[in-house]
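Colleague: Please find one structure pasted underneath; my questions will follow.
Bear in mind these aren't lab numbers, they're just calculated from the coordinates by the rules spelled out. Note that the structure is a prediction, hence the values are computed from the model and not measured. When we count neighbours, we look across all protein chains shown, and the Cβ atoms used for this are built from the backbone with ideal geometry, even at glycine.
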Amino acid sequence: MNPPVDSLSGKVALITGAGSGLGEAAARVLAGSGARVAVVDRSAAEAVRVAEAINGNGGVAMALTADVTKPDELAAAVAEVERHWQRLDIVCANAGINGTWAPVDELTPEEWDETLGVNLKGTFLTVRACTPLLKRGGGGSIIITSSGVGSRMFTQSGASAYAASKAAQVAFGHMTALELAKHKIRVNTICPGAFRSNIMSATRHRNTRDLRLPVTFPEGNVPLTGGRSGSAEQIARLIWYLASDLSDHISGTEIYIDGGQSLLMG
């Protein structure tokens, strides 16, 4: 079931990491609900592909290229949104990487910095760049993509950098929700469990086999579905809800969307 077609009519959304995966699904759902969407990705080709698909399906989108670790590129993207649409209502700080998973004594400082740079600093820089335009518009909704890993699940062997970045995103969401409340800006964090995507294929694993704890989980470790992972579209619908006025009294919270998986694996 898709959200109502006109539920976000008149609103403008900016989504980072929107060239694939969850970001792409969110862009399509928000555009399908009437929002004008800035598709931001470090890959120009992927951003263009998603924006063209949305426009070809009757939505309104534009492609913007920005690396979330680079403040100048994010500032330029936000400036382009303001120039085209004169407002910003919804920000999805979604860009992220799994990075390198390795024993803590083998993980290099450079690998740690890469993961924290994209996932945590990138979230900070995205919110920092977008907040002035949200304030000028009288409010809005910021949705941060965190994870169950690091906030409720701690069994992913070798994922110390990833888990630290995701836990910190939750804390950042709490702090900014209080800070920005007087400006009518809501900040919430989503914590997905396993869902069907290509992100694991980009994860670099090194010597993690012997780190696994001798824990036996029930067969089918997603209780709600008997083990079947969720989809990016299901998570995108949660993003739509947090972006819409239906959630206008929700701020400063994290929401788990994992079919109960994290209750078994914490």
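Colleague: Give the aspartates and glutamates whose C-alpha is closer than 20 Å to that of K121, dropping any in the same chain fewer than 8 places away, or say none.
Modeller: D41, D67, D72, E73, E110, E111, D113, E179, E254
Colleague: Here is a further query. In a shell of Cβ-Cβ distance under 15 Å around R186, excluding R186 itself, what net charge do Lys and Arg (+1) and Asp and Glu (-1) give?
Modeller: Taking every Cβ under 15 Å from that of R186, the sum is -1.
Colleague: To continue, here is another question. In straight Cα distance, which aspartates and glutamates are under 15 Å from K182, not counting same-chain residues fewer than 8 positions off?
Modeller: Reachable aspartates and glutamates: D248.
Colleague: If you don't mind, there's one more thing I want to ask. Place the peptides 51-59, 105-113 in order of packing, highest mean first, counting for every residue the other Cβ atoms within 10 Å and averaging per peptide.
Modeller: Ranking, from highest mean packing down: 51-59, 105-113.
Colleague: Separate question: When the convex hull of the Cα atoms of the chain is projected onto a plane and the area is averaged over all directions, what value comes out in nm²?
Modeller: With every direction weighted equally, the projected area is 13.7 nm².
Colleague: Near the amide H of I185, under 5 Å away, which other amide H atoms are found, from residues 5 or more places off or on another chain, if H is placed in the peptide plane?
Modeller: Those lying under 5 Å, H to H, from I185 are G140.
Colleague: Okay, helix-only estimate at 222 nm for the chain: each DSSP H run of n ≥ 4 adds -39500 (n - 2.57), divide by all residues, round to 500 deg cm²/dmol; what do you get?
Modeller: Roughly -12000 deg cm²/dmol at 222 nm, from the helical runs in the chain.
Colleague: While we're here: Taking a label point 7 Å from the Cα of T108 along the Cα→Cβ vector, which residues of the range 146-187 have an amide N closer than 19 Å to it?
Modeller: Output list for this probe position: 158-162.
Colleague: Also, I was wondering about something else. State, to one decimal in nm, how far the label point of R228 lies from the label point of T253, with both points 7 Å from Cα in the Cβ direction.
Modeller: Taking the simple label geometry, R228 and T253 are separated by 2.8 nm.
Colleague: Gaussian network model of the chain, Cα springs within a sub-10 Å range: biggest mean-square fluctuation belongs to which of L30, L238, L120?
Modeller: Maximum among the listed residues: L238.
Colleague: Still on this structure, I have one more. Between K182 and V60, how many nm apart are label points set 7 Å from Cα along the C-beta direction?
Modeller: That separation, rounded to one decimal, is 3.3 nm.
Colleague: Here's another thing I want to ask about it. So if we plug the beta-carbon distance of Q86 and L264 into 1/(1 + (r/R0)^6) with R0 = 41 Å, what FRET efficiency do we get, rounded to 0.05?
Modeller: Efficiency, from the Cβ-Cβ distance: 0.30.
Colleague: Where does each of 124-131, 73-80, 140-147 land if you order them by average Cβ count within 10 Å, highest first?
Modeller: Ranking the peptides 124-131, 73-80, 140-147 by packing returns 140-147, 124-131, 73-80.
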